[in-house]
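Let me give you the structure first, and then I'll get to my questions.
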Amino acid sequence: MLIKKEKKGNVTIYHVDKDYDDDKMEKVMDKKLKPDDIKLIIKDDADVYDKDGKILLRFRKDKLKKANVDAFYDNVIDFAQNETSNRGSASSSKKKNINDNPKIMTNILGYFDKFSARQKMIFKKRGFKSTTSVRETRFNMDYPDNFKKLVPLIKEIDNYYKKFAPAEYAKQRRKANQTPFKITGTSFTTVTTNVNFQTAVHTDKGDDEEGFGNLVVIERGKYKGGETCFPQYGIGVDVRTGDVLFMDVHQPHANLPIEIEEPDTKRLSIVCYLRKNIWEQTKNKTKKYMERHNKTLKKFRSEKK
């Protein structure tokens, strides 16, 4: 529900209230949105505040450097199209057996705070016990040179995070600085990529509650839809290549259906964040510990092969 709209320079300021209460919102969780669920789609520079003056999102057009965008896409897109069924509520499924969930193209880069089932099996077989469950992701282990080429865009997102959400950034960066298990020079430990994936209504879990979320999209080919929405407020944002969106990801959000218009169309979405459990497990660890830990896990990986 739009309360007030005003202009400050090139930025449109929206003040909004909830269209319905939290009890009704609970019934919408884990469900996919339809275009009719959203009243307002933002397409230009905007700040959105709730009725209490709390920032809900900041959106800026055409901020990211094309060279960084292209390098990120070219070096991750093949891996980003690997399919998984382990996204639970974000894929609108809560089946007990994750193998029964729909397969979607979503993947993680950087560091994660859980071992895979295969890793656990190897550790048990070798009698190995780790002092932390934090690990490099498969992408970082298998494609370290590709990952290095992603970092310039991640750092650029980090710089805009500092600019557009400075209070939240400062708290998150302080935590990131306390652990060596992070993407160097940023406030992030982890990146999630999604390809042509319509998320159901959900709130982000596992990230730093004091931080602020972000979203970047890289598109190849034509499509309609995919807008990132806050259904309780009836608003959405049309994020396209080069744009940056910073938002309160602890509010229920989702994106609208993606209508592919060309056979090879790819909508790659990128979310950078700090996983709280990584920070909690490793905030007192040294860089030498991290290097030794990573080397040990890579050794087990090579033995497996």
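Where a number appears in this text, it was derived from the coordinates with a stated rule and is not lab data. These numbers come from a predicted model, not from an experiment. Methodologically, a virtual Cβ is constructed for each residue, glycine included, from the backbone with ideal geometry; neighbour enumeration extends over all protein chains shown.
Exceeding 28 Å between C-alpha atoms, which entries from my cross-link table qualify? They are 129/283; 7/65; 18/266; 149/285; 155/295.
Details: 129/283 20 Å; 7/65 26 Å; 18/266 33 Å; 149/285 26 Å; 155/295 25 Å.
Exceeds cut-off: 18/266.
Using Cβ counts within 10 Å as a stand-in for footprinting exposure, how do 268, 109, 40 rank, fewest first?
Working: 268 23, 109 26, 40 16.
With the sparsest Cβ surroundings first, the list reads 40, 268, 109.
Order of 135, 174 from fewest to most other C-beta atoms within 10 Å? Write down the numbers at each step before the final one.
Numbers: 135 21, 174 12.
In order of increasing Cβ crowding within 10 Å: 174, 135.
Counting each pair of different Cα atoms once, what's the Kirkwood radius of the stretch 251-305 in Å, rounded to one decimal? Display every interim value, and only then the final one.
Working: mean 1/r = 0.0625 Å⁻¹.
The Cα-based Kirkwood calculation yields 16.0 Å.
Would you calculate the volume per residue, in Å³, of the smallest convex hull containing every Cα atom of the stretch 131-206? Don't jump to the answer; show the numbers that get you there.
Values: hull volume 11.1 nm³, N = 76.
Measuring per residue, one finds 145 Å³ for the Cα hull of the stretch 131-206.
Continuing with this model, one more query. Could you list 269, 187, 133 so that the one with the fewest beta carbons within 10 Å of its beta carbon is first and the one with the most is last?
Values: 269 22, 187 25, 133 15.
Sorted ascending by nearby Cβ count, the order is 133, 269, 187.
Which distance in nm do the two modelled labels at residue 6 and residue 148 give, with both placed 7 Å along the Cα-to-Cβ direction?
Calculated label separation equals 5.0 nm.
Right, here's the next one. Per 20 Å bin from zero, what fraction in whole % of the C-alpha pairs of the stretch 2-304 is there, up to the bin with the longest pair?
Spelled out bin by bin, the stretch 2-304 gives 32, 59, 9, 0 percent.
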